[in-house]
Amino acid sequence: MHVVPLPALADNYIWLLHDDAGQAIVVDPGEATPVEAALKERGLQLRAILLTHHHHDHIGGTEALLSKHPVPVYAPHDERIAVAALRVGGGDVVALDYPRARFDVIAVPGHTSTHIAYAGEGVLLCGDTLFSMGCGRLFEGTPIQMLASLDRLANLPGDLLVCCAHEYTAANGRFAQTIEPANAALAARQQEVAALRAHDRPSLPVTLDTERATNPFLRTDCDAVIAWGRHHGVDGDRVARFAALRANKDVFRG
């Protein structure tokens with residue numbers, strides 16, 4: 001399966017997956033134009049659409065795509081996604097014949113109450129739950145929900161390619177370095193990201209193993225993050241430590 005990030009809107013990525021036979025899946029199409037252009041350029045046939053949550057920058061192009069490509073849409077159980085869809089939730093499986101693919105559906109509430117992720121075919125399609133060196137804002141969920149969701153993702157195989165939906169990596173890395181300034185893996189990742197972005201190349205996808213080594217939101221039990229929490233008045237409670245991390249990231253302007 002080939003994995004292609006399609007830049008869209010201000011800083012979104014729509015994910016295009018396709019096989020060697022030209023059969024394609026698109027994930028979180030916030031707009032239709034980049035998808036149509038990529039399908040035409042690569043000679044692909046769209047076969048399915050996967051949606052992770054209801055925000056417009058993830059679903060806004062779905063109806064336009066369906067007007068030209070009458071394909072199944074897989075989406076969470078959320079009435080705010082008005083398009084006709086096959087509803088899936090945590091524990092379900094999306095199995096496709098064209099392209100031949102299988103994805104486990106994972107419930108990851110936090111950013112929104114009904115957010116889901118898809119894991120399979122070597123990729124983790126995580127929407128706005130997990131970002132490279134960061135995580136999504138808690139618009140509808142609680143810290144305990146979001147931390148549990150991130151734990152769920154962190155326990156997946158480390159060779160999965162994390163395909164998140166925004167190019168936030170450089171800013172996330174700057175925040176992460178305020179938490180773990182001595183983390184060599186984090187410093188190396190920041191250098192890699194700077195080089196990629198200097199040439200206008202995506203910083204994604206990235207392996208889950210790399211995220212486990214560099215992402216403070218997946219490292220709440222590491223000594224350096226525990227020490228940071230104590231310095232900020234949080235001691236012993238990993239949920240409170242995570243909440244403090246997220247609150248500090250919300251106001252970070254570095």
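The values are calculated or read from the model by the stated rules, or taken from the named source; none is laboratory data. Computed from a predicted structure; not experimentally measured. Every residue, glycine among them, receives a Cβ derived from its backbone with ideal geometry; neighbour counts consider all protein chains shown. These area figures cover heavy atoms from the full protein model, side chains too; ligands, DNA and RNA do not enter into them. Shrake-Rupley method; radii C 1.70, N 1.55, O 1.52, S 1.80 Å.
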Sum of side-chain charges, ALA24 neighbourhood, beta-carbon under 9 Å (Lys, Arg +1; Asp, Glu -1): +1
query: Using a probe of 1.4 angstrom, how much of the accessible area of region 99-254 is carbon and sulfur, in percent?
result: 53 percent
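With the cut-off at 1.5 for a/c, could you classify region 110-254 from its C-alpha gyration tensor as rounded, prolate or oblate? Provide the component values of the computation, followed by the final result.
Values: a/c = 1.56, a/b = 1.13, b/c = 1.38.
In terms of gyration-tensor shape, oblate.
Could you tell me which of rounded, prolate or oblate describes region 102-173, using a ≥ b ≥ c as the square roots of the eigenvalues of the alpha-carbon gyration tensor, with rounded for a/c under 1.5 and, failing that, prolate when a/b is larger than b/c and oblate otherwise?
It is oblate, given that a/c is not under 1.5 and a/b is not larger than b/c.
Express the accessible area of the chain per residue in Å², computed with a 1.4 Å probe while the remaining protein chains stay in the model.
43 Å²
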- prompt: What value, in deg cm²/dmol to 500, does the helix sum -39500 (n - 2.57) over DSSP H runs of n ≥ 4 give at 222 nm once divided by the residues of the chain?
  reply: -10000 deg cm²/dmol
message: If the only charges are +1 at each Lys and Arg Cβ and -1 at each Asp and Glu Cβ, what is the size of the charge dipole of region 1-107 around the Cα centre, to the nearest 20 debye?
response: 260 debye
message: Sort 59-66, 223-230, 91-98, 106-113 by packing, meaning the average of other beta carbons within 10 Å per residue, with the highest value first.
response: 106-113, 59-66, 223-230, 91-98
- request: State whether region 1-42 is rounded, prolate or oblate according to the following rule on the C-alpha gyration tensor (a ≥ b ≥ c being the square roots of its eigenvalues): a/c under 1.5 gives rounded; otherwise a/b larger than b/c gives prolate, and the remaining case gives oblate.
  value: prolate
field: Rough spin-label spacing in nm, given labels placed 7 Å along Cα→Cβ, for ASP209 and ALA21
entry: 3.1 nm
- prompt: Once Lys and Arg get +1 and Asp and Glu get -1 on their Cβ, which of GLY60, ASN155, ALA244 lies farthest toward the positive end of the dipole of the chain?
  reply: ALA244
